[in-house]
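So the structure is just underneath, and the comments pick up after that.
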Amino acid sequence: MATVTEHYEKHLGWYYSWLFGDFNEIVEANRRFFTVQNLIPGKSKIAIDLGCGPGFQSIALAQLGFSVYAFDLSRTLLDELINNSGSLHITPIKDDILTFSSHCPENAELSVCMGDTLTHLDSFEKVKNLFADVYHSLETGGKFVLTFRDLVFELKGIDRFIQVKSDSETIFTCFLEYEAEHVRVNDMIYMRSKDGWKLDVSCYRKLRIPMEWVRRELLELGFTICLYENNKGMITVIAGK
Ligand SMILES: C[S@@+](CC[C@H](N)C(=O)[O-])C[C@H]1O[C@@H](n2cnc3c(N)ncnc32)[C@H](O)[C@@H]1O
């Protein structure tokens, strides 16, 4: 089984943006989300993007006027972010999100960990450590935004085969295997070549994080919960310090 870094470097990183479609539309949707939730720069104007990928949130936040520290382990995706960020105030950092506090000032106004990055951490202990570090890094009134998949709900039988996206050149399918605390995600990508279709398979683990557990851990640290919802399996939590 691949580590998360191997999975993104050798496999998913090359297809990640293609999976989402129009880059600018996704950035625009994120900008709308932050604006509707009133997550706009007010005090320090420092935002931290934990698991930034190609920059859907980092670019939206920088366009809104934040100075963004953007963390990811994937060189491929950080390079995409750099290519897309022009003169915006974004500092890309290739390191584990668990080390973010050693790279950033201690008065962030906003931290985001969005698009299911949280489930890539391999243990509940690491998630707890991340939450605690985020709490300490935020200024008073600062916000923490989490979006992640509800992997506690278990798909059964053939429902575990998911066609993620396809076009005339590429077919991306995924097969899920449930374990007690994790899901094994088997990504299968068929690519058309001059010799016919070629299959590239890679597998990694995601953590099955209950939303109620997240709420409890955040409250225990001293956060208040501003938004807590599960919209068709995508969980959004906004917590305030
Ligand atoms: C599902 S993508 C989400 C990217 C982006 N936030 C979005 O909404 O599209 C998860 C990202 O987190 C990165 N990642 C996973 N675990 C990480 C870790 N421990 N430290 C840094 N980056 C990590 C992956 O390389 C990947 O770019």
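The values are calculated or read from the model by the stated rules, or taken from the named source; none is laboratory data. Everything numeric here is computed off the predicted structure, so don't read it as measured data. Here the Cβ is made from the backbone with ideal geometry for all residues, glycine too, and neighbour counts use every protein chain on show.
Descriptive notes on the structure:
- Any chance Leu12 is assigned by TED's automatic domain parsing to the domain that holds Thr147, buried (at least 16 other Cβ atoms within 10 Å of the Cβ) and under 22 Å from Lys241 (Cα atoms): no
- Close pairs from the stretch 154-178: first free of Cβ contacts under 8 Å to residues at least 60 places away in the same chain, partner outside any strand (DSSP E or B) and of a type in the set (D, E, K, R), Cβ under 7 Å, at least 6 apart: Phe175/Arg160; Leu176/Arg160; Tyr178/Glu154
A quick yes/no check of all residues on (1) surrounded by fewer than 14 Cβ atoms within 10 Å (Cβ to Cβ); (2) over 16 Å from the mean Cα position of the chain (by Cα); (3) under 18 Å from Val4 (Cβ atoms):
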{"site": "Ser74", "(1), (2), (3)": "no, no, yes"}
{"site": "Asn83", "(1), (2), (3)": "yes, yes, no"}
{"site": "Gly86", "(1), (2), (3)": "yes, yes, no"}
{"site": "Lys94", "(1), (2), (3)": "yes, no, yes"}
{"site": "Ile97", "(1), (2), (3)": "no, no, yes"}
{"site": "His103", "(1), (2), (3)": "yes, yes, no"}
{"site": "Ala108", "(1), (2), (3)": "no, yes, no"}
{"site": "Leu118", "(1), (2), (3)": "no, no, yes"}
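- Residue within the stretch 22-38 that is part of a loop (DSSP other than H, G, I, E, B), within 18 Å of Ala108 (Cβ to Cβ) and touching a residue at least 24 places away in the same chain (Cβ under 8 Å) present: yes
- Of residues in the stretch 2-18 being more than 14 Å from the chain's Cα centre (by Cα) and of a type in the set (A, V, I, L, M, F, W, C), the one farthest from Leu73 (Cα to Cα): Trp18
- Here the helices (runs of 4 or more DSSP H) wholly within the stretch 43-144 that include at least 2 residues being small (Gly, Ala, Ser) are 56-63, 124-137.
- Breaking point among (1) closer than 27 Å to Trp14 by Cα; (2) surrounded by fewer than 14 Cβ atoms within 10 Å (Cβ to Cβ); (3) under 18 Å from the mean Cα position of the chain (by Cα), for Asp159: (3)
- In the stretch 177-237, counting only strands (runs of 3 or more DSSP E) that sit wholly within it, none holds 3 or more residues that are among the β-branched types (Val, Ile, Thr) and loosely packed, with under 12 Cβ neighbours inside 10 Å.
- Total residues in the stretch 10-61 satisfying the condition of being closer than 23 Å to Leu98 by Cα, small (Gly, Ala, Ser) and more than 14 Å from the ligand (Cβ to nearest atom): the figure is 1.
- Residue within the stretch 78-86 that is free of Cβ contacts under 8 Å to residues at least 60 places away in the same chain, β-branched (Val, Ile, Thr) and away from the ligand (no atom under 14 Å from the Cβ) present: no
- Looking at Gly142, Gly157, just one residue is more than 16 Å from the ligand (Cβ to nearest atom), modelled with pLDDT of 95 or more and touching a strand residue (DSSP E or B) at 6+ places or on another chain (Cβ under 6 Å), and that residue is Gly142.
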